[in-house]
Amino acid sequence: MLHRLRVLALLVLLSAVGCTGTIAVVTSDTFPSLVAQNSKILVVNFYAPWCALSKKFQPEYELAAQELQGQVTLGAVDVSAEESLEHYANGYPTVRIFLNGKADSPLEYKGGLTAEELIKFVKRLAYEEPVLKAETQQQLDSIISAAKQNGSPTIAVGAFEASETSERLAFTHAANRLRGLHYFVAVVPSLAPKTPYLYTIKDSTITEFTEEFSDSNVIKFVTDSSFPTLGEMQPGAVFETYVSRGLPLVWLFIDGTSDETAKATMATVAESFKGKLSAVWIDGARYSPMMEQLGLRQGAYPAVAVEDGPKHYAYSGKVCRCANHTIVSLPNRL
């Protein structure tokens, strides 16, 4: 009786943010069996009913559940009511993907909080192998074309003499760790200048791997390659992705979204610091409180600040091509 009342209470909480119908109600009691029953893939949204972003994401999550019904199970956990599952939440909402019926080391979804992006991510996990194979240039071109249609994620291309070499195993391990986030393609040696060989393709940029092959080095290389020189900052998952990178973050605040001169200037500067910092632009008028938090005067655009953990630095010069040297000097003081 107590369990039934508990589930009923959770249903009420879920309905408050709209998690009903095709979304499974997940509790501490039902979680282990739900993971085990979904032996291939299980998607779970860890949310808080008081969180505005959780409420905003809910209709998108419901749409995704409806689209994936019969293919993949989507569940939801009210973390405020299920404290034993709280460790899975990295802020709210946190969407995690449990693979192969295992509750340990789930993937964290870090894409956009829209039904479209979540569906694409989940379908790739459900229906694609972690490492795709290309034996001809035509096959490789086809994979690259498909990647561009799916929002141009990073494509990691590796060539190896055999499938059991240490370099190939590091490549496979990285593919499993970053599964669903990027494309990993193993090509035949004839499609590469040498073996082992690894490079990434992001939009029109090709970057060659030059470090020693290891699990951590390959993961870091592919992850770093996935960040644009200057990206658009958005609240939620995109922000958390930049924070988790662990690098100083340069903010460019502009009035609206169309100051291409300021963007081009910052992109030029950021390119020279690639791998050492992250650079983003954001609509300062829409997110003006962030300007004040970083020590900038609201309404003064364009404006630049650098955030490095608890420290932040406000840039007081002009954002123009002639001032590149002063912008560049700022991160050097971190």
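The values are calculated or read from the model by the stated rules, or taken from the named source; none is laboratory data. The model shown is predicted, which means the values in this text are computed figures rather than measured ones. Using ideal geometry, Cβ is built from the backbone for each residue, glycine included, and neighbour counts are taken over all protein chains shown. These area figures cover heavy atoms from the full protein model, side chains too; ligands, DNA and RNA do not enter into them. Shrake-Rupley method; radii C 1.70, N 1.55, O 1.52, S 1.80 Å.
General remarks:
- Test for Y127: is it of a type in the set (F, W, Y) and open to solvent by 70 Å² or more (accessible area, probe 1.4 Å): yes
- Close pairs (7 angstrom Cβ cut-off, 6 or more residues apart or separate chains): under 25 Å from Q149 (Cα atoms) in segment 193-215, in a loop (DSSP other than H, G, I, E, B) anywhere: L198/F209; Y199/F209; T200/T154; K202/T154; D203/S152
- When segment 269-291 is filtered for residues that are open to solvent by less than 50 Å² (accessible area, probe 1.4 Å), not hydroxyl-bearing (S, T, Y) and not in a helix (DSSP H, G or I), the ones remaining, listed by number, are F273, G275, L277, A279, V280, W281, I282, D283, G284.
- Some residue of segment 261-268 being at pLDDT below 85 and crowded, with 17+ Cβ neighbours inside 10 Å: no
- Residue match in segment 66-75 (condition: part of a loop (DSSP other than H, G, I, E, B), β-branched (V, I, T) and either out of contact with any Asp or Glu (no Cβ under 7 Å at 6 or more places or on another chain) or open to solvent by 10 Å² or more (accessible area, probe 1.4 Å) (or both)): yes
- Flag for I119 being under 16 Å from H182 (Cβ atoms), open to solvent by less than 70 Å² (accessible area, probe 1.4 Å) and of a type in the set (A, V, I, L, M, F, W, C): no
- Residue in segment 154-167 that is surrounded by 13 or more Cβ atoms within 10 Å (Cβ to Cβ), under 29 Å from G112 (Cα atoms), at pLDDT below 85 and of a type outside the set (D, E, K, R) present: no
- Residues of segment 200-235 satisfying the condition of being of a type in the set (S, T, Y), open to solvent by 30 Å² or more (accessible area, probe 1.4 Å) and more than 30 Å from F57 (Cα to Cα): S204, T205, T207, T210, S214, S216
- Only one entry of T241, T268 meets the criterion of being out of contact with any Leu (no Cβ under 8 Å at 6 or more places or on another chain), of a type in the set (S, T, N, Q) and closer than 24 Å to V95 by Cα, and that entry is T241.
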